[in-house]
Ligand code: TXA
Ligand code: MG
C-alpha cells in the first residue's frame, strides 16, 4: 500500500523523480505526474489502465501560469478563469509546445485548471512544473473522494498519497472548450451551467457523443461493479429481493430505511448530495448486494451533474 500523509516536500521530491503521487483537490483525488515529463505522464496511463486517446487535465497554481502553457486565452476564458479559479472548472485551450503530446492525446488543445485545495495549491506553488492528473481511479470506475479510496485501488502502484481529507465538492470539474471562439460545455461538473451562463452568457454544449472527445463523455463511465439501475425506487424495489438490494436515495422519506440503503442528503441539499455521491456508490458496491438501485435528483444546478454521473453509472442492457 502507498504511504499516506501531508508531507508536501516528500510529494515534491517524488514528483521531481518522475514518480506518481495521489493529490487531493476540491473535486476528486487526482493521480499526478510532472506534466512536462512525457515518461512520468506515460505512467499515469499504465497505472490507471487508461486508453491513450483520453487526454489529461493540467493543474496549475494560479491564473497567471495559464499563459505559459496555452497559446491564446479568449476573453470569455479569462473571465471564467478570473471568476472561478481556483475552483472546479477546466478550460480547454490551444496548447503550447511545452506540453507533451501524450498529455493531450495528440490534440492541439490542453485542458487546464487551477484546483482549490490548500495542500495541493501549496504543492503546485513550490513545484517548478504543472501537474497532469486524471481522477485517481482505475479507468471507468467511480472517482475517489478520499485518500483511502485512492489507496484501496491504486495503493499498490504508487508510492505516496497526499491526504487532504474528503473532497468538498465531490464531482469532477466542469469542462468548457472554445470551438470557433464559442464557449462549449464538454462535461458537467462542480460549477453549474447556470453559474457559467450568468457570467458569460449562453454556451453551446457537446456533452454526449458516440465518438467522444472527452471519455468522461463515454455513455458508460463512473460505473460501480454491481448492476446499477436508475429510476423510481418504489417501482424498482418490486423487481428485486429486498435482502440483496442496495438503495441510493436523494433525501429522507417517511418510510423505514432498508437494510442496505444510503441517503445522499437527508435534507435534500444538492451540494451535500454531490459531495456524498461517489463515496456512497463505493460503499454500496462493497455491500453484500446483487444490485444497486438509485433515483435521479432534481435536475437543476449541480443536480444536472449528479444526474449525469448516475446515468453513466447505470447498467446498459
Ligand atoms: O475535477 C477534475 O477535473 C479531476 C481533478 C483530479 O482535477 N480530474 C479529472 O480528470 O476528472 P479525468 O482525466 O478523470 O477527466 C478529464 C476529462 C477527460 O474526460 C478528458 O477527455 C477531458 O477531461 N479532457 C482533457 N483534455 C481535453 C482536451 N484537450 N479536449 C477535450 N477534453 C479534454
Ligand atoms: Mg475520471
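Rule-based calculations on the coordinates, nothing more; no lab input. Note that the structure is a prediction, hence the values are computed from the model and not measured. Cβ placement follows ideal geometry from the backbone for every residue including glycine, while neighbour counts extend to all protein chains displayed.
What is the ratio of the Cα radius of gyration of the chain to 2.2 N^0.38 Å, where N is its residue count, to two decimals? Could the numbers behind the result be given before it?
Details: Rg = 19.2 Å, N = 317, 2.2 N^0.38 = 19.6 Å.
Taking the Cα Rg and dividing by 2.2 N^0.38 Å, one obtains 0.98.
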### Query
How many percent of Cα pairs in the stretch 227-315 exceed 19 Å?
31
## Note on the structure
Most exposed first, judged by fewest Cβ atoms within 10 angstrom, 149, 260, 59 run 260, 149, 59
### Task
Work out how much length residue 1 to residue 287 would gain on full extension: take 0.36 nm times their residue separation and subtract the Cα-Cα distance, in nm to one decimal.
100.7 nm
### Task
State log₁₀ I(q)/I(0) for the stretch 112-241 at q = 0.10, 0.15, 0.19 Å⁻¹ as given by the Debye formula over alpha-carbon point scatterers of equal weight, solvent excluded.
-0.46, -0.97, -1.29
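Suppose R0 equals 30 Å. What FRET efficiency, 1/(1 + (r/R0)^6) with r the Cβ-Cβ distance, do residue 202 and residue 256 give to the nearest 0.05?
Details: r = 46 Å, r/R0 = 1.53.
According to the calculation, E is roughly 0.05.
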### Query
If contacts are Cα pairs under 8 angstrom and at least 6 residues apart, what is the relative contact order of the stretch 22-90 in percent?
23
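Just the number, please: percent antiparallel of the DSSP beta bridges in the chain, rounded to the nearest 5. Spell out each step's value before the answer.
Numbers: 18 of 43 bridges.
That works out to approximately 40 percent antiparallel.
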### Query
Could you give the distance between the Cα centres of the stretch 228-256 and the stretch 120-151, to the whole Å?
33
### Query
In a GNM of the chain with a 10 Å cut-off on Cα contacts, which of 231, 30, 177 has the highest mean-square fluctuation?
231
### Message
Using a Gaussian network model on the chain with a 10 Å cutoff between Cα atoms, which of 151, 254, 180 fluctuates the most?
### Response
254
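Among 27, 6, which comes first, then next, by fewest other beta-carbon atoms within 10 Å?
Numbers: 27 29, 6 14.
Neighbour counts put them in this order, fewest first: 6, 27.
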